[in-house]
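The values are calculated or read from the model by the stated rules, or taken from the named source; none is laboratory data. Being a predicted model, the structure only gives us computed values, none of them experimental. Cβ sites come from the backbone with ideal geometry, for glycine too, and all protein chains shown count toward neighbours. What goes into the accessible areas is simple: the full protein's heavy atoms, side chains included, and nothing from ligands, DNA or RNA. Shrake-Rupley method; radii C 1.70, N 1.55, O 1.52, S 1.80 Å.
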Amino acid sequence: MAKLSPMMEQYFTIKEQYSDAILFFRLGDFYEMFYDDAVTASRELELTLTGKDCGQEERAPMCGVPFHAADQYIDRLIEKGYKVAICEQTEDPSKAKGLVRRDVIRVVTAGTVTNSKTIDEKTNNYLCSVYKSGDYVGLAFVDVTTGDLYVTECDYDVNSVLSDLSAYNTKEIVCNTEFGECKDIINEISAKLYCNTEVLTDKYYNETFAKDIVIAQFKKTADDLGLGGNLLALIALGGLLQYLNLTQMCALPHINKVEYYSSGKYMELDFATRRNLELVSTMRENKRRGSLLWVLDDTKTSMGARLIRNWIEKPLINCAIINKRLDAVSESVADNYFRNEVREQLYNVYDIERLLGKIVTGSANARDVLALGNSLKPLPEIYKLIKYHTKGNLYNEIIGSFDTLEDICDVISRGISEEPPITITEGGIIKKGFNEDVDMYRDAMTKGKEWLLKIENSEKEATGIKNLKIGFNKVFGYYIEVSKSNLHLVPETYIRKQTLANGERYITGELKEIEDKILSAEERICKLEYSIFCDIKDLIIEANERIKTTARCLATVDAICSFAEVAVKNNYVKPLTNSGEYIRITEGRHPVVENISKSTLFVPNDTVLSSVERVAIITGPNMSGKSTYMRQVALITLMAQIGSFVPAKSADIGIVDKIFTRVGASDDLASGQSTFMVEMNEVANILNTATKNSLLILDEIGRGTSTYDGLAIAWAVVEYIANVKKLGAKTLFATHYHELTQLEEKLEGVCNYCIAVKKRGDDITFLRKIIKGGADDSFGVEVAKLAGIKPEVIKRAKEIVTTLEKNNINASDFMDIKETEEDNQLSFLSNQQETIVKELKDIDISTLTPIEALNILNELKNKLL
């Protein structure tokens, strides 16, 4: 086998260490890829595949990208699920003796990308580490771009783990071997969260390693960080920090705090509930528009937008904290001047958190630093506005933590040019007047001729040699030339360098000093400016904790003012909160539907759920608004618990620990589960996990199987939920099984509601109003007519319904499931009279106008004559 060239030997040595990544190998002004990496990259990036002689018989497949445009290609590879290792030249090629040294300086992955335009500025980018031990797991989440770090522990359960992973919008997962072997949950993660899972060696997942690496990162022990009693979370954190070391290859001082949260700190929302309620994106198109986040996010900064999303994903369950947030929103609603002025100032604030992250990780340029400096300029004014216009506890806490950072702002404003170049090694980034040497070198580049002329005139006057002149050549540099006739006037300080036919050439100390400044100015100024730029960055990094704390204060103010602005625009009210005894909403509205359908008047509805009325069974036809109403109640409850005003005339919300939704269903083809199996899995999770303080939204339980089985399951579920000894959770239960309305008389805490429908002949109108009582008809045929089913099909359907009702097909007496004896009492009414009685029972008097009522009575009277 032919011997590899030295450069390719170097390539293979480095590639062996990063076999799982595509290696971007720096050669001059390009990043080159070879062999399999080249084949993959050429296919994924649509690059031309060429070849390179590398000492072997066959040319090595090769493709490349310009180094100045590499980020866009790296982003595309990351989006497609690849890892990219960046291999740079670690010494100046002009000074290298032999082969230039090269090494990997960073590995870019989906969860660690820091300099990407593909990251949504309003969304965090979390990497997660999972450590499984037996029936429990530890979880650690970090956003490298902002420094946010959270850890927790939970039972090893697919729903629990998925809930946490989805709450943090996880982009990448690393784990220990035991978790990596759990293929059921790995498949669920891949199918639902679309993120890769990588198993790390178990030597990074043990207690000793975790304690050591935590001290190295935080300069504190695990006990000092409050993790002494949370071993699983600590070990997960250890694996996470090591993965950051392996990929970032630099200090990360902005990751300086870790927050441990338990299951009792936030409302629990499983994956299905987050999806069904469309909290941050829509179910069908995965779009932001049409979600609750779309309605509530009217922030001015990316930091505020991310914080609102975080609040929506993790609602509070502590009344005191909720009310503190609500009071801050109330202050902002009441003071229009304060709210408008603060939002105007925030408009000029860039993403301080991510700018700081770029500076810390070494990927920032002078424009990023300037953007940070410009973002700090409004801080004194924002501080004054908060201090003199607010009194609430939350705003007082913000004032206590707020740092105007005027010292940092001053250095950046004085030091960085107003329009710096993108590159940081070619000069032009330090402002005039900040450093004397930079000014001198810059003057040397632009005023060199003036300096030389000044010296020439000075020497002419000092020596009396009128034809003295300064010249330049590549051999001697700058020199003073004197004719033969004036040699007797040359002072002793002149140093002769060259004899000519007509005179002599001399140099002086001053002239050589100026020469040195002029000729080396460009090279020296570039190095000096880069050094000063690094000093400014170091100053920022030293102040990173101050900057990060203030950034969080700004995000909180932005989020609170966004809630207030939305409340004012949409006529929301401040909800009351109670310890969980009841939920009472007057004229509640769906926050998203009323915003999307502004041209249509939204019909508000009341809701009461309490110990007396725990389970509301809601009947009514499809398309009448049952699902919208139930989601509306869930969203209003959630909005109250994130500290937002709510769309209602009034609301008193009992704090719920969990919200569950079972709304709609679809086949899970990836796991081979049918619609009904998916539904039953979700119901099982709800019954096994819910508590008496939970809110359940159940829609069409049991519809995926036969009528009797479905009805039996739905009946049994209602019985279980309504029983305070078994569950007793507050529940909205929509169904087409009208037999379930009989449970109001059978079970304590169950009450019937229905959607009001107005029927005129064969036509129906959905009034969208929730009223007491059960629906007498599902209006299925009428809904089919509204949907545009052919008239002949509708006509035939009516005939079949009449026949089925006449023959009582699939009917069953569920009034008392324990009694099987039929009521054999004889009727003393004629057939005609029984028909009229049925018609009377079918009339919905709540929707009749007085004229319609008189007309119906007249028709019935005529039938009896």
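Numbers for the structure displayed
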| item | result |
| --- | --- |
| Virtual spin-label span in nm between N393 and S520, 7 Å along Cα→Cβ | 6.5 nm |
| Degrees separating the helix 544-570 axis from the principal Cα axis of the chain, which is the longest one | 40 degrees |
| From phi via Karplus (6.51, -1.76, 1.60), per-residue ³J(HN,Hα) for the range 311-316 in Hz, x at Gly/Pro | 5, 5, 6, 9, x, 7 |
| Sparse-neighbour loop sites [GluC sites (Glu not before Pro); the range 463-547; at most 16 other C-beta within 10 Å; DSSP] | E492 |
| Global form of the range 109-253, assessed from the alpha-carbon gyration tensor, a/c cut-off 1.5 | oblate |
| V130 accessible area, assembled protein chains, probe 1.4 Å, Å² | 0 Å² |
| Where labels lie 7 Å past Cα in the beta-carbon direction, separation of K466 and S19 in nm | 8.6 nm |
| Rounded FRET efficiency, nearest 0.05, which uses the C-beta distance separating N723 from T118 and R0 of 30 Å | 0.05 |
| Difference of contour (0.36 nm per residue) and Cα-Cα distance, V837 to Q498 | 109.0 nm |
| Sites K569 and A320 - FRET efficiency at Förster radius 41 Å, r taken between beta-carbons, to 0.05 | 0.90 |
| GluC sites (Glu not before Pro) lying in DSSP loop within the range 403-446, provided at most 16 other Cβ fall within 10 Å | E418, E426 |
| FRET efficiency estimate (nearest 0.05) - Cβ-Cβ, S610 to Y708, R0 45 angstrom | 0.85 |
| Ellipsoid equivalent to the range 76-187 - semi-axes via the Cα gyration tensor, in Å | 35, 17, 12 |
| Set of the range 608-630 residues, backbone N closer than 15 Å to the point 7 Å along the Cα-Cβ line of K746 | 617 |
| 1.4 Å probe accessible area per residue over the chain, in Å² | 49 Å² |
| The range 139-288, relative contact order [Cα under 8 Å, separation at least 6], % | 30 percent |
| Anchor K220: lysines whose Cα lies under 16 Å away (excluding residues fewer than 8 positions away in-chain) | K211, K257 |
| Cross-link pairs beyond the 19 Å C-alpha cut-off, checked among K3/K97; K658/K692; K474/K517; K460/K484; K725/K746; K15/K52 | K3/K97 |
| Percent antiparallel among DSSP beta bridges (both partners in the chain, rounded to 5) | 65 percent |
| Cα pair distances exceeding 19 angstrom across the range 486-603, given as percent | 77 percent |
| Overall Cα dimensions of the chain, principal axis frame, Å, largest first | 150, 74, 60 |
| Trypsin sites (Lys or Arg not before Pro) restricted to DSSP loop in the range 161-219 with at most 16 other C-beta within 10 Å | K219 |
| Solvent-accessible area of Y266 with every protein chain in place, 1.4 Å probe, in Å² to the nearest 10 | 30 Å² |
| Under 22 Å from K387, Cα to Cα: lysines that are on another chain or at least 8 residues apart | K300, K324, K377, K548 |
